[in-house]
Amino acid sequence: MTGRDLRPWWLAVAGSLLLHGGLLGGLSWQMTPWQPESDSPPIEARLVQVPPAVRPPPAAKPRPRPVPPPPQTEPVAQAVAPEVVDDAPDPSEALTDEASAEPAADSASSTEAGEAVVPPLNALPPRLDLRFQVRYGLARGEQTLLWINEGNRYTVTSVASATGLAGMFYSGRFVQTSRGHITAHGLAPEEFWDQRGDKRSSARFDSVNGSLTLTPSSGEPRHFAYDGEPQDALSLFFHFALTAPPPDGLFVYTVFNGRKLRRYAYVVRGEEIQDTALGELRTLHLARQADGDGRFEVWLAVDRHYLPVRVLRSDDKGNEVELRIQSIAP
């Protein structure tokens, strides 16, 4: 190797040594010595001037305890017991409370017994049209009962007429109308009209004075006194439907039969199955007790709003009339 060739090689070695030395020397000056990390942050101490201590305000003087008032002379029942903060009441106290509350409940129930014992009325559609087949001896006919309910007002209209050969002997129509209002106890009639051919009569109920005034087709008006809530010959049927008599019992009503006021007693004879034009119906059989005014029996369809589906009655002369249901709309 010539001298010219050795000079670049040494120059390269010298440059490399200088470069490594510079790097090692520079890192030793720039790198900070490694210290183990501390869990707590560095603490910086400063001198701060402490403010003067604030003295607390003087304690309030205790207020004098109020002197308890003298014992009251009122009854013990009016005294108010202090509030008890105890989640687990004493069983003996609970029994005492219940025993002391029972007389109050009994007195309240006895005070409001008239309102508490009144059951709710059955709901009837605002309009009902009942059509019956009528049998009067050998004669046949039709009768319709129309019920209309508008709020707390009601109207019942009955129209009866002869059919077939009977129409040749019994002409005209027999129309009756009852109007009044609906109370919590049932129907309370106010007016009643009766028209048989050319003969017309009317009756007016005065519930304030407990009197009924009958204006017949001829003659002077007649006055009747009554107690309680009377019914008329039409309202009685729908009064039964609204109140739904229980399957046993005895009921007494004052009823205007178109000529006079009478007090009638009705007995429930139980449930019976009646074969009708609407099929077999479960009915409640009611009968009027013997009173000298003839026979009266009615069968109320239990599953059809307790509406009458059969009526059997007779007058004091023994003439018998039977009504059998043909249709109920709606």
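The values are calculated or read from the model by the stated rules, or taken from the named source; none is laboratory data. Here the structure is a predicted model, which means the values were calculated and not measured. Cβ atoms come from the backbone with ideal geometry, glycine included; neighbour counts cover every protein chain shown.
Could you give every pair whose Cβ atoms fall below 6 Å, whose first residue belongs to the stretch 177-197 and is over 16 Å from residue 123 (Cα atoms) and in contact (Cβ under 8 Å) with a residue 12 or more places away in the chain, and whose second residue is part of a loop (DSSP other than H, G, I, E, B) and of a type in the set (D, E, K, R), counting only separations of at least 6 or pairs across chains?
188/229
Any residue that is touching a helix residue (DSSP H, G or I) at 6+ places or on another chain (Cβ under 8 Å) and aromatic (Phe, Trp, Tyr) - is there at least one of those in the stretch 261-283?
no
Can you tell me which residue within the stretch 111-150, out of those that are closer than 15 Å to residue 242 by Cα and under 17 Å from the mean Cα position of the chain (by Cα), is modelled with the lowest pLDDT?
Filtering first and then ranking leaves 118.
Name every residue in the stretch 197-225 that is more than 22 Å from residue 159 (Cβ to Cβ), crowded, with 16+ Cβ neighbours inside 10 Å and modelled with pLDDT of 95 or more, in order of residue number.
205, 212, 224, listed by residue number.
Can you confirm whether the stretch 249-259 contains a residue that is modelled with pLDDT under 95, of a type in the set (A, V, I, L, M) and crowded, with 18+ Cβ neighbours inside 10 Å?
No, every residue in the stretch 249-259 fails to be modelled with pLDDT under 95, of a type in the set (A, V, I, L, M) and crowded, with 18+ Cβ neighbours inside 10 Å.
When the stretch 204-261 is examined, which residues are found to be without any contact (Cβ under 8 Å) to a residue 60 or more places away in the chain, touching a Pro at 6+ places or on another chain (Cβ under 6 Å) and either of a type in the set (Gly, Ala, Ser) or within 26 Å of residue 144 (Cβ to Cβ) (or both)?
205, 215, 232
How do the pairs read when you match residues in the stretch 124-153 that are over 14 Å from residue 237 (Cβ atoms) and touching a residue at least 12 places away in the same chain (Cβ under 8 Å) with residues anywhere that are exposed (fewer than 15 other Cβ atoms within 10 Å of the Cβ) and acidic (Asp, Glu), using Cβ under 9 Å and keeping only pairs 6 or more apart or on different chains?
126/150; 135/320; 136/320; 137/320
I want to confirm something. Restricting to the stretch 226-248 and keeping residues that are of a type in the set (A, V, I, L, M) and within 28 Å of the chain's Cα centre (by Cα), which single residue is surrounded by the fewest Cβ atoms within 10 Å (Cβ to Cβ)?
244
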